[in-house]
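The values are calculated or read from the model by the stated rules, or taken from the named source; none is laboratory data. Not measured: the values here are computed from a predicted model. Glycine also receives a Cβ, built like all others from the backbone with ideal geometry; neighbour counts cover every protein chain displayed.
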Amino acid sequence: MTAAPRLLDLYCGAGGSSRGFQMAGFTVVGVDIKPQPRYVGDEFHQADALEYLAAHGSEYDAIAASPPCQGYSIMHNLPWLRGREYPLLILPTLEMLEGLGKPYVLENVMGARHDAKGLAKRGLETHGLKAGWLCGWSFGRPFYRHRLFATNWLWLAPGHRKHTLNLHPRKERWVYGGHVKGLPGGAAGLDVRPRIVEVATIKTRTELKKASLAALQHGNGAQTAGVGVGHAKGWRLAAEAMGIDWMKRGELTQAIPPIFAYHVGIQLRAYLEGRHD
């Protein structure tokens, strides 16, 4: 295959999404307005994301963007957060991406979906994303963390499994083998590793297409340490469950699980390769 395609990751944070796209075989350049000393991508630029996109977007094969989610999250309705102003950047980012014409992936929280009641109440319908979404439990990972992924190309999500996890932080007895509905005998000893193709072994377009299809498969639904722990307690276990070991707690709360970006990214690579057939 030719050199790895270059992907621009806007609003990258510490790089949860960037790591997933790297796993899918991209060279990833991250952009964030804040310093990111623990960023894990291949290159980082501290800059305004939209300004960088306008100046350099045409230099990349594909673009990913994760505009700040706080203004769209249902957490915005909490009493102590009401009235706070947050940047609302989905619409301007989406308009710039559409104008550029590059394949893109725009990620955000479920509160930003196009039919979300919260957006309608605030007059923000134009920010709503008509998008597919991913759940950690669909990959056999012990968390949900639903996230929307809007694209201008076709991608497929795995089936969404019924939520059966006990996420209460004081009820972790099943983490190491306790009973879980639908998993007779508990979770102890079951394999929860993602079914990830080693990108370095992909040599032909046929192999890439097979890898893209493999990305649609999910794990066996087993559970592991890291479920039932919130942001306040056990965040290191949560980091382990998400496959993130380089971030601090505050960074983790905003992170996209790499397995999500990998799943979308391996299909994006197949799409890019298909355009050159």
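Annotations for the structure displayed:
- Taking every residue in the range 118-135 that is farther than 18 Å from Gly71 by Cα and pairing it with any residue that is surrounded by fewer than 20 Cβ atoms within 10 Å (Cβ to Cβ) and of a type in the set (Gly, Ala, Ser), at least 6 positions away or on another chain, the pairs with Cβ-Cβ distances below 8 Å are Gly132/Ala157; Trp133/Ala157; Leu134/Ala157.
- Meets criteria (part of a loop (DSSP other than H, G, I, E, B), at pLDDT below 95, of a type outside the set (Lys, Arg) and closer than 18 Å to Gln254 by Cβ) for Gln70: yes
- Residue ID - farthest from Ala62 (Cα to Cα), chosen from residues in the range 235-268 that are touching a residue at least 24 places away in the same chain (Cβ under 8 Å), in a loop (DSSP other than H, G, I, E, B) and not aliphatic (A, V, I, L, M): Lys248
- Comparison of His146, His160, His114 shows that the only residue that is surrounded by fewer than 20 Cβ atoms within 10 Å (Cβ to Cβ), in contact with a Cys (Cβ under 7 Å, 6 or more places away or on another chain) and under 20 Å from Tyr72 (Cβ atoms) is His146.
- Qualifying residue in the range 85-100 (condition: in a loop (DSSP other than H, G, I, E, B), loosely packed, with under 15 Cβ neighbours inside 10 Å and of a type in the set (Asp, Glu)): yes
- Residue in the range 264-271 that is touching a Phe, Trp or Tyr at 6+ places or on another chain (Cβ under 7 Å), of a type in the set (Ser, Thr, Tyr), under 18 Å from Phe26 (Cβ atoms) and at pLDDT 80 or above present: yes
- The set of residues in the range 121-152 that are more than 16 Å from Gly265 (Cα to Cα) and part of a loop (DSSP other than H, G, I, E, B) comprises Arg122, Gly123, Leu124, Gly128, Lys130, Gly140, Arg141, Pro142, Phe143, Tyr144, Arg145, His146.
- Top-ranked residue in the range 100-117 [being touching a residue at least 24 places away in the same chain (Cβ under 8 Å) and basic (Lys, Arg); ranked as farthest from Ser66 (Cα to Cα)]: Lys102
- Selection status of Trp155, at pLDDT 90 or above and closer than 26 Å to Ala241 by Cβ: yes
- One residue stands out in the range 120-141 among those that are within 15 Å of the chain's Cα centre (by Cα) and not hydrophobic (A, V, I, L, M, F, W, C): the one that is surrounded by the most Cβ atoms within 10 Å (Cβ to Cβ), namely Arg141.
- Check on Gly41, among the small types (Gly, Ala, Ser) and assigned to a loop (DSSP other than H, G, I, E, B): yes
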